[in-house]
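Here's the structure, in structure tokens; my notes come after.
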Amino acid sequence: LDLELGEKSRLLLVSGPNMGGKTVLLKTVGLAVALTHAGLPVLASEGSAVPVFADLRADLGDEQSVDRGLSTFAAHLLALKAMAEAAAPDVLLLADELGAGTDPEEGAALGRVLVEHAAEKRAWGVLTTHLGSLKRVASEVPGVVNGSLEFDLDTLTSRYRFRRGVPGASHALDVAGRLGFPQALIERARALTSEESRALE
């Protein structure tokens, strides 16, 4: 991965299909930052640099808890709330599947306000999403840049080559077809997909 964030693009919004490598990219950034802050070697090109962070906040995986009465979405909300409170110029935010786990419109709205808040606070971040409306944030909020990873539709695997400035298509229906989902159902799903969504893809 050749990944660069800077003063004018502190927040990276990574989109693309399932199995496309978004979470791998997210964890690679988090691990590299944790290793450098621990004074350990990092696999990186000569001249690579990592800012000094006072805090790193991450929302990865599923923290649901029956004994604490937390659904998957509630657990994500608590993690995102902590990110919003911690957002600052020396903080790194890592969030996987931003806006997922609830109504897509409301999830996208919550994701957007978090991105806007993080940009306003000048926090650093790598955030992944499948939500089409969040892919537009990079063209509307200063300091946010889109990114994706190259995906091979024939083999349904990521090429793990990062593409800066290019939002990733979800390819959900293509992937479903490759995995043997009934073709008639896929065609019906295509017919139900909005024109706006198709245009964005």
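One table, with the values for the structure above:
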{"item": "Among (1) open to solvent by 60 Å² or more (accessible area, probe 1.4 Å); (2) under 13 Å from the mean Cα position of the chain (by Cα), the one test that Leu31 misses", "result": "(2)"}
{"item": "Considering residues of region 148-177 that are of a type in the set (A, V, I, L, M) and outside any strand (DSSP E or B) only, the residue surrounded by the fewest Cβ atoms within 10 Å (Cβ to Cβ)", "result": "Leu153"}
{"item": "Residues of region 85-122 classified as open to solvent by less than 30 Å² (accessible area, probe 1.4 Å), in contact with a helix residue (DSSP H, G or I) (Cβ under 8 Å, 6 or more places away or on another chain) and under 15 Å from Pro142 (Cβ atoms), total", "result": "2"}
{"item": "Single residue of region 8-47 satisfying the filter (in contact with a Lys or Arg (Cβ under 9 Å, 6 or more places away or on another chain) and at pLDDT below 90) that is farthest from Leu131 (Cα to Cα)", "result": "Gly21"}
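The values are calculated or read from the model by the stated rules, or taken from the named source; none is laboratory data. None of these values were measured; they are calculated from a predicted model. Every residue, glycine among them, receives a Cβ derived from its backbone with ideal geometry; neighbour counts consider all protein chains shown. To get the accessible areas, we keep the full protein, side chains included, count just its heavy atoms, and leave off ligands, DNA and RNA. Shrake-Rupley method; radii C 1.70, N 1.55, O 1.52, S 1.80 Å.
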